[in-house]
Structure formats: C-alpha cells, structure tokens
Amino acid sequence: TRRPCKLHTAIASSTCPATTHDNNKQQQRRRHHTQTPPTTMVRTAEQPKGDIRPQYGSRLAASNAPKRKQRKTKKSLTSGSADVFIGRSREEGCTFNSAMHRIRDLRYVPAEIVSMSNIAMHNDGTSRTENYIAIARSDGSIELKSSSDKFWSVASVAGSRHLVPSVIEWVPADNADDVPTLVGGSADGSLFIVDFQSCQICARSSSGGGGVFSMARLHGCGGAVAVGCEDGAIRIITTPSGPDGKYIDCIKTLPSVGSAILSLAWKSKRLVSSRNGYDAYETSLHCGVANGTIHQTLIQMRFAKSVKAVPASVESVQSSFRMTAESKGRVNSTKIWCMEQLDEATLVIGTSLGKVQFFDTTRGTMVQSIDHNALNADVLTLAVSPNRTSIFASGIDSRIVCIERQDDPNERDELSIPWRLTGAQRPHTHDVKSLVVCSSVTSDGEASDVLLSGGVDTKMCSFVIGKFSKLRPNTMFPWPTRSPIQGCSAHGRLLIMQRLDRVDVYEIKKGCTVEPSDTTTDRVGKVCIKSTSNLVASSISHDGQFLAVCDASNLYLFSMNASVDLNGRIERLSVKQIDGVETLKMPPLLSLKFMKDDAFVAADIFGRVHMCTISGRSSITHSVLLDPAKEKDGASEEARLNWPCLPKTSISISHDERYIATLSHRLRDSVVILKQQEVGGRKLFKYHWTLPSVGERVSAMTFIRDASKLAIATPFSKVYTFDLKQKRLTSWSEKNGYPLTNVPSELNNKSIIPIRMTSDPERPDMLLMGSFGMFCIIDLSTPFPNKCWVVPEKHVRRRKKGGCDGPAKVCTMCLRYNSMLFFDYVDAGEIVVVEQPWLDVVDHFPHPMERKIYGAT
C-alpha cells in the first residue's frame, strides 16, 4: 500500500498518484498518544478557601486500539474563579494573595510546521555568530527564532491564510553591506520575500512554472537559490536591491526534465577562473524528480568580486547524468522527497519507499541503502551534521533516526566506509516535515550543534547531536510569543481573543465564572474582518466601548455597545465600524495599545509611534509622536551590524500615563521611552530616553505601579529596573550588579523564557514575571536571591527542591498553571489566567500513521 506523499494539494494525480492519501489513508490511521497531561489545579466549590488540590487528566495509552472518543472537559476545568494564596501559612504571611480567573476553553489551535530553514550570521555588535531559524506554518505565518536566546521567537510575520508557504530558503549575503534574505514559494506558483524588519511579505511574483515544491541555496559561494517547479524546470533566482527594496530576479531557467521537481541539492565544486573582476565557479546541482529519476547538472556561475552576494550571470549549463531510483516492482514511480550532497562524490536521498540511499555521483550508482522504518513510510526530510559524519532522517513515520559512519584514517575511499543506523527517537506523534541543524549557545557560553525537528503536531524538538542517543529532546510547544489575547478591559470587564480573521469577545464576571459572550446572534461576541491577510494586532479600550484591529495593510476601528440584562450580564453586543480611518493614510501597523481616555498608541513598520484620538464615536485625529528618521538621538540609530533590525512590536503605558515605552527584540536600542511634556500649553509626548543595552535581547517589560520605573527581563531570566527620571539603573539593580550574574537556578532553565511582566496594583514592590508554564513573584525591596521558593513543593515539573534566603519570600515561583497564553491583572486583586490544555490541541490533529506497538494486543 502506498504511503502518503508529501504534497497534499499541489501535484496532480498524473504526476504523483499518491496524493489521494487524504481519502484512503485516513482509514488506516489511528490515534496513539503517549503524553501524560500536565497537572491541573483548581479549587472546587466544596474545598475550603486556599486549598488547591491537584486534579490529573486521564492518561491516553499508546496502542493500536480504535480511535478514541472526543475528550469531554469538565466545567470545573474549563473556567472558574479561585482565591489563590501562596505562602507557608497565613499566620506567617503571604507572598501572593489574589483572585484568579482561570480560563481554559478559548480553543487556541496552533498551525502545523511545513518548512524550516537556518542561516548563520556573524554579529559585529556582539562579536558572535548567531543562528536564525525561519519556521513556516500552515496558516501562512512565519516565525524567526534565535538559537542564542533559547530558540525564542524574536520576530513573526502574520502572513496570509491564502498564501501558505510550501518551502522557504535563506539567500545568504556575502557582502558586508547586505543582509540575508528569506524567500519562499507556495503550491499556487507564487514566489515571495519575507521581510522580518517590517514584518511583511513583499515582492510577490509568479514562478512561471506552476507550484513551487523545493528550494536549495548555493553552498560555498554567492547568493543564489535554485527553485524546483511543477513543470519540471529549475529556475535560478537572486534577490538584488532596487529602488523599492529587494525583488526576485530569475537569471536562468533550466530545461524541463518532464515531471515535477521534488527535491534539490546545490553545491560549489571548485574555482575555475578569476579574471576581469569576476570569479567563475563550477557547481553541481542535483534534483529529485517525481518520475523516480535523479538528474545532475553542472552549472558554471560567474560572480563579481566586489559584490559576491549577487551572481552576475550563468556562464554554462551541462547535463551530466541521470539515475533511476528503484521501485521494487511497483507501478508508481518512486518519489524522491529529499536529498543532501555530502561531498563531491556522495549524494544521500530519502524516498517514498521508506529508505535512505547513498549514491556515488562520479559513477552514477547506488552504494548503500538503509531502511528508515519497517512500514515503508515515506522519508520526507534529511539533515546533515556540520562534520558530515551524521545524517538524520524522518518523515511520515515520526521516528527520527541517526545514521553515522566512523572515519577511518587508513581508508582512502570514503565511499567504502559503511553507514550504520546508530540511534532513533520518537518525540513527535505525527509526520515530521522538516529537520534543520544549527549551532546553539547555552547560558554558560558553550556552543553545541543542535538538531531541530517539526511537523504536523505543531511543536518543535531540539536534540544535542553529539548526545543524540543519550539525551532526551527538549520540546518547545507552539505557544505564541505575542499573546493572542491582546487586551483586557478593567471597567467593561471584557476580554478579546484574536484569531486569524476575527476577534472574539468574552465577559469576565465578578467573583463568579468566566463565560464567553452570547454568539448565537449576528455579531455578538465576535468581530469579523474581511481581509486577505491574517490579523496582526488588536486592542480594546478600558471602558470596553472601542476596539482597534489591524492587518498587514489596514487599520479598523469599531465602537461597541453592550446590552445588559437584569442580572448585569451582557445580553447582546452591538458593533459598528467607525468611518474615516482610511483618510489618516497610516502605514501598516504592528502593535496597538489603548489609553484610558479613548486614545490609542500605535507603532508602524518604519518604527514611528502614532497617537490616535477618537472623538464622539465618529471622528478620529492622528499625530506622530516619534519618527526615528528625524530623531537625532540614539533612538534613530539603525545599526545594520545588529541584524535583524526588528520593528517595535510591543507598547506599554505607565499607570499615570506619563510615560510610553516601545519594545523591539533587537540587540541594541530595543526600548525607547516617551514622556509627556507641556509644549505651548498642550501636553504632548516627546522622546525621552533609550535604555542602554544589557548585552541580551529584551523579552518582556512593564511599568512598576505608582512610580516612574520600568522593569525589563531577558530570555535568560535576568531582571533589571530603571529609573526613568534619573535615566539610570535603580538602587535594586545596582545592588544586584550589572550585568546580572546572580540568577536563581530555578529560573535559569532552558524551558523558561520570560515573555510577560506585570506589577501588583496594591503592592508596587511586587513584580510578577511569567513564562508559558510558570510565573514568579519577585520582591523588589530585597536583593535578587540565589534560590527561588517553588510551589507546590511536590510537582511533576519540579526538578529539584528549592530554597529561600530568608523568612520573607524574595522570589517565589508558582507551577500551578501551564500552557499559559495570557496572565495579567483585570482589576486590583484579580488576575486573569488563560490556559490552553495540550490535549485539547491534540484533538484537532489528523490521524497519525497506524503502527504496531510492542506489547499492545
């Protein structure tokens, strides 16, 4: 029986007959989940106040049993309100005591990973080489992760659900004055450039040959990319700079091979000549075709010596040989889904027969074949270690295998050294679509080669290549760095949930439960946006009367009027769009934040900060608060040495609205402060200060209540506080030292990345810092400790027993909540926590491949 092929919608049945797997393979797949759900804790009505007991979800055993039924979630686990107390005893005193509104039924479903690409970039600002990994998902969004920051997403492009990338690839930059460019292709035949500096998809053009199924950049020299299309032709493209920015230029189209190009591998062989200011290189390009053949083409490229990043021309093209992959007597041709060129004489491929095969490119013969799995499931992706001695393969069978060879100094012919399967792991439950090898830097400064994997189950796993068979992978769940819950209204007590094409509105009841608004009537509880691109940002006003939403190109404003019944609950929500926004002619926006007086602050793709004021629910005025192009201070310095120069994606406003802080995830000039000043009898916001660099990226920030102080956090849990009046570190940070080295061991964890911060309205000296699986309370009146007190003391995610420096809990870490999408105060003494249980996400996955599990009946 044929295994499912990689392309679901692109290749026609005449080219790839296996594409009908969505109909016939679903009957052969069954669920088999082995994960244990995280501990969930919530107090029921019968429990006394302050007593929070664990309630464990059901374990789903791995077996080849029939498909399990839809898991029913109890009401007590989906939403509720609890008075949470953290402390050893109430007589001794508490660290934290607030009412928690816990929401677990907002149904956030992340998209699957379809492609990944890695590039190494030397940063002169930090004198280190950083690896950036671009991740494309099935909803059209693209993320940029940094390996030096615990694989934290430093930027994201919302993209469009109508333009789903099938493959992405980096175009390297050899010229010091240029930066690398990410190009992508889709199954509808589109080519485009992903610009992370403006968070936009630009320079979209047609491939000229149908769907784009594969890409490969030229390794060894130049900045060219080969694109494999549905018509069987290979296009060589570059990304030169023009008056309107970079664009895609096709410099050569190779003759068609008669069927779709499914995989590519391109490598430079040698320097042929160097004269008249140009260098000529001989390169070898291999392609895997849907008809089961492998073609080798010798291409001579000519590059300019001054600007090597752009090839001047293609001198010559010569077809070298063609090889046919074995089909085992089957009628359908073998599909070659992936390939990697190890050296000038060795080519490794992954086929639809579930095999990893090695070819001698000098003789055109197969040298060795290794079975990836016993079910003959397709091998969809390959990755090669930097030393070229380890190969990793995976596909529809989610097992990731490691194939190695031992270098023998006495053996002259490398092809005679056999490859052996030395290890395998199965961290994913569904198809693995992409494997990437990169270099990662730990908090201790040690560099190691890491393998990244991603696929249909939406999560990404990282393996240490040198210890692949000894260590378990680190699993990174697909929770967004920018929360989809974009706003929380204190007076209107409304919560908004941003989707791809709409914004859902929820109501928070005082002291009761958290329930969604009535969505049975038209436009009640949700605001739909008709746009070709996904939504980028949204914000709700403090009184709940206005809603601002933006996509990749437009800004939308809505006025909301809630009809309340006799019990004080919202019965109907009337939404009306405010006209006249298009007359403002604002550029594309990336972040929005409402102030207390029907005004909101916005940041655009050019780094400008805008202030918009709504008058009488019908008119709107606009002014620019900050323009980096005109600012002469350090805020306008766009250091190309600190690529990528990321835009401002977060806005924070002080409690008294005297200060506005904008955050960018760049290495330098990441936090810019605006201060309210009186100019000509008018109160205007002017540029005040740019926070100095702390040596790392800033992942979260917040204003400390009732003070002109700002707190920031880095991905390695280093916390700094700044006095904005004196433009310096506070006495608390000066006592802790700069740079901060005394970080609690419980916070210095590879899975803990602070992405949100807030302060207690009733206790300004209490700072709350949260990640996806924890939040901690930091006492700013005492120095940062070496240890954190962890609660609960017995927890499945607690690795070792923590300590405390004194009777007062200086730093307390709470593990009672997991998979948090939102954590903030809705009112004094009330906190809203939005969680997304992982098993609810698993319910939306397709059926995995059916396989025999040892010991199952």
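The values are calculated or read from the model by the stated rules, or taken from the named source; none is laboratory data. Nothing here was measured: the structure is a model prediction, and the numbers come from that model. Cβ sites come from the backbone with ideal geometry, for glycine too, and all protein chains shown count toward neighbours. The protein model used for the area step is the full one, side chains on, heavy atoms only, and it has no ligands, DNA or RNA in it. Shrake-Rupley method; radii C 1.70, N 1.55, O 1.52, S 1.80 Å.
Assorted remarks:
- Taking all protein chains together, S205, S559 sort by accessible area into S205, S559, largest first [probe 1.4 Å].
- Apportionment of accessible area to carbon and sulfur, the stretch 683-822, percent (1.4 Å): 49
- Phi to ³J(HN,Hα) by Karplus 6.51 cos²θ - 1.76 cosθ + 1.60 over the stretch 828-845, Hz, x for Gly, Pro: 5, x, 10, 10, 9, 10, 10, 10, 10, x, 5, 5, 5, 5, 4, 4, 8, 6
- Accessible area in the full protein assembly, largest first, 1.4 Å probe, for E850, E678, E830, E130: E678, E850, E830, E130
- Percent RCO, i.e. relative contact order, over the stretch 130-200, from Cα pairs under 8 Å lying at least 6 residues apart: 24
- Volume of the Cα convex hull of the stretch 812-857, divided per residue and given in Å³: 146
- Net +/- balance of residues flanking Q300 in space, Cβ distance below 15 Å, scoring K and R +1, D and E -1: +3
- Computed accessible area, D827, all protein chains, 1.4 angstrom probe, square angstrom: 60
- Apportionment of accessible area to carbon and sulfur, the stretch 435-507, percent (1.4 Å): 46
- Each Cα pair under 8 Å and six or more residues apart adds its sequence gap; the mean of these over the residue count of the stretch 329-435 is a relative contact order of 20 percent.
- M476 long-range amide H proximity, modeled H, under 5 Å: M460, C461, S462
- Scanning residues 5 or more positions from V833 or on other chains, those with amide H under 5 Å from its amide H are H101, R102, I103, with H placed 1.01 Å from N in the peptide plane.
- Note that the stretch 677-792 presents 38 Å² accessible area per residue, ligands and nucleic acids not counted, probe 1.4 Å.
- Ratio of the Cα radius of gyration of the stretch 165-262 to 2.2 N^0.38 Å, where N counts its residues: 1.03
- Think of a 1.4 Å ball rolled over the protein heavy atoms: the stretch 182-288 then has 34 Å² of accessible area per residue.
- Y278 - accessible surface, heavy atoms, 1.4 Å probe, Å² rounded to 10: 80
- For the stretch 310-384, the per residue solvent-accessible surface stands at 39 Å², with DNA, RNA and ligands left out and a 1.4 Å probe.
- Length gained on full extension, A374 to F606, computed as 0.36 nm times the residue gap minus the Cα-Cα distance: 78.2 nm.
- Sites S316 and T389, calculated FRET efficiency, Cβ-Cβ separation with R0 41 Å, nearest 0.05: 0.75
- Cβ-Cβ FRET estimate between N786 and Q676, R0 fixed at 60 Å, reported to 0.05: 0.90
- Ordering H162, H665, H622 by accessible surface, largest first, gives H162, H622, H665; the 1.4 Å probe counts only protein heavy atoms, with every chain in place.
- Residues with amide H under 5 Å from that of S263, placed H, sequence gap 5 or more: G288
- Extension gain, S615-C250: 0.36 nm per intervening residue step, less the Cα-Cα distance, totals 126.3 nm.
- In this structure, the residue pairs whose Cα-Cα separation is over 19 Å, taken from K585/K675; K630/K686; K150/K735, are K585/K675; K150/K735.
- Calculated FRET value between E404 and C528, using beta carbons and R₀ = 56 Å, to 0.05: 0.60
- T532 - accessible surface, heavy atoms, 1.4 Å probe, Å² rounded to 10: 100
- The stretch 733-850, relative contact order in percent, only Cα pairs under 8 angstrom and at least six apart counted: 21
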